[in-house]
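Undergrad: Can you keep this structure in mind? I'll have questions shortly.
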Ligand code: DGL
């Protein structure tokens, strides 16, 4: 390694702009850290894909991030965290944090009747339900799959009356169950906060796992002696799809237009065939 490890970037990734909600938290809590952001925009949404596909995408992204010499990876995507955490921990030798456990932990500290809004893949994985019940089996958990939200956010249709209409439908069963806490089980959803807030009863606590995952990252960097002793470099933004489109969309959340590079991920063979067995 040529640079001081502390000066290396933290790699974060999502399918699209959802990870910007984690990036915002990184800027707030760890302003001295340099970040590499990757959005797999050519293949979003992840949440309606098969588990095996998501695992494969994450494997490719991890290989690329490590080749960029990052010191830590934050999966700024619930779908990836729910489906690919085990694979990542087994296959990659680098500190990696996902959003599910920090989100579940924050929720059990807040309430007992917990709603989770998530992508279809995250909801079907039961990752949040299992994590919450493991932490406190007295909690009740209701999960709602919200397939329309990610496309609406990626099309910047936050204020569209249709967004309010689908949100009302998604939240209805949770409101009926009188939840006291709601987890944003997808990093795109905090961008819908004004819509969701306007529809939820005032007492419902909203949990953004980004706040907790970044706090956990800060602790881990400290423990590993990996904090950046200097100042942050400008964030490097990379995407697999159209760079201009990502730049135009993210300006709403970043407050400035980022320079965005389009990159090609390395191809990782799906099921490696050993030379012996191929002969
Ligand atoms: N933002 C991601 C998540 O947290 C992925 C959304 C998607 O691409 O479906 O789940």
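Undergrad: With a 10 Å cut-off between alpha carbons and a GNM built on the chain, which of 99, 116, 195 moves the most?
TA: Among 99, 116, 195, the largest mean-square fluctuation in the Gaussian network model of the chain belongs to 195.
Undergrad: With a 10 Å cut-off between alpha carbons and a GNM built on the chain, which of 19, 203, 111 moves the most?
TA: 203
Undergrad: Enter the angle in degrees (range 0 to 90, nearest 10) between the Cα long axis of helix 161-176 and the first principal axis of the Cα atoms of the chain, meaning the one along which they spread out most.
TA: So the helix axis and the longest Cα principal axis differ by about 70 degrees.
Undergrad: Where in the stretch 99-116 does the amide nitrogen come within less than 17 Å of the point 7 Å from the Cα of residue 29, taken along Cα to Cβ?
TA: Within reach of a label on residue 29: 99-110.
Undergrad: Specify the angular offset, from 0 to 90 degrees and rounded to the nearest 10, of the alpha carbon long axis of helix 78-91 from the longest principal axis of the alpha carbons in the chain.
TA: For helix 78-91, the angle is close to 40 degrees.
Undergrad: Mind checking the angle between helix 243-254 and the chain's longest principal axis? C-alpha axes, 0 to 90 degrees, to the nearest 10.
TA: That works out to roughly 50 degrees.
Undergrad: How far is it, in nm, from the label point at residue 90 to the one at residue 5 when both lie 7 Å from their Cα along the line to the Cβ?
TA: Placing both labels 7 Å beyond Cα along the Cβ direction yields 2.6 nm.
Undergrad: So how much slack lies between residue 244 and residue 50, counting 0.36 nm per residue of separation and subtracting their Cα-Cα distance, in nm?
TA: 67.0 nm
Undergrad: Could you tell me the center-to-center distance, by alpha carbons, between the stretch 64-96 and the stretch 183-212 in angstrom?
TA: 25 Å
Undergrad: Now, a different point. Considering every Cα-Cα pair within the stretch 17-88, what fraction, in whole percent, is farther apart than 21 Å?
TA: Of all Cα-Cα pairs in the stretch 17-88, 25 percent lie more than 21 Å apart.
Undergrad: For the chain, what is the mean residue ellipticity at 222 nm derived from helices alone (per DSSP H run of n ≥ 4: -39500 (n - 2.57); sum divided by total residues; nearest 500 deg cm²/dmol)?
TA: On the way: 12 runs with 127 residues, N = 279.
Rounded to the nearest 500, the figure is -13500 deg cm²/dmol.
Undergrad: Also, I was wondering about something else. Going out from 0 in 5 Å bins, what whole percent of all Cα-Cα distances in the chain drops into each bin?
TA: 1, 6, 13, 17, 19, 17, 13, 8, 4, 2, 1, 0, 0, 0
Undergrad: For the pair residue 263 and residue 140, what calculated FRET efficiency results from E = 1/(1 + (r/R0)^6), where r is the Cβ-Cβ distance and R0 = 51 Å, to the nearest 0.05?
TA: Working: r = 43 Å, r/R0 = 0.85.
With a Förster radius of 51 Å, E is 0.70.
Undergrad: Right, next: Rounded if a/c is under 1.5, else prolate if a/b beats b/c, else oblate: with a ≥ b ≥ c from the C-alpha gyration tensor eigenvalues square-rooted, which is the stretch 82-148?
TA: oblate
Undergrad: By its C-alpha gyration tensor, with a ≥ b ≥ c as the square roots of the eigenvalues, how is the stretch 182-265 shaped: rounded for a/c under 1.5, else prolate for a/b larger than b/c, else oblate? Walk me through the intermediate numbers first.
TA: Working: a/c = 2.40, a/b = 1.17, b/c = 2.05.
Note, shape of the stretch 182-265 comes out oblate.
Undergrad: Follow-up. Let me understand the stretch 46-196 better: what is its radius of gyration from the alpha carbons, and its Dmax, in angstrom?
TA: Using the Cα atoms of the stretch 46-196, the pair Rg, Dmax is 15.9, 48 Å.
Undergrad: Let me ask something else. If I model a spin label at residue 227 and residue 130 as a point 7 Å from the Cα along the Cα→Cβ vector, what separation in nanometres do I get?
TA: 3.5 nm
Each value in this text was obtained by applying a stated rule to the coordinates, not by laboratory testing. Quick caveat, the model's predicted, so the values are computed rather than measured. Reconstructed Cβ throughout: ideal geometry from the backbone, glycine too, with neighbour counts over all protein chains shown.
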